């Protein structure tokens, strides 16, 4: 997978992020994000998981994975 694929996945996950006050939904979303990150790393060992999480957590999307 390439960087553009990782960005596309991150953007899709950012778009579905529930509010943290929705505890059950937010917990499941975090589990889903972690599962996708594991797959990305398995497909590309150079995948920078911390940077990718930072991009998803950034509200303005300025940080690029």
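What follows is calculated from the coordinates using simple rules that are stated; it is not laboratory data. Just so you know, these numbers come straight off a predicted model, no measurement behind them. Counting neighbours? That spans all protein chains shown, and the Cβs are built from the backbone with ideal geometry, glycine included.
Data overview
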item: Leading residue by the ranking (farthest from residue 4 (Cα to Cα)) among those in the range 42-56 that are surrounded by 15 or more Cβ atoms within 10 Å (Cβ to Cβ) and without any contact (Cβ under 8 Å) to a residue 40 or more places away in the chain; result: 53
item: Test: residue 21 is surrounded by fewer than 12 Cβ atoms within 10 Å (Cβ to Cβ) and assigned to a loop (DSSP other than H, G, I, E, B); result: yes
item: Near pairs, Cβ below 7 angstrom, 6+ apart or cross-chain, from the range 21-34 (within 24 Å of residue 48 (Cβ to Cβ)) to any residue that is surrounded by 12 or more Cβ atoms within 10 Å (Cβ to Cβ); result: 26/18; 29/17; 29/18; 33/13; 33/56
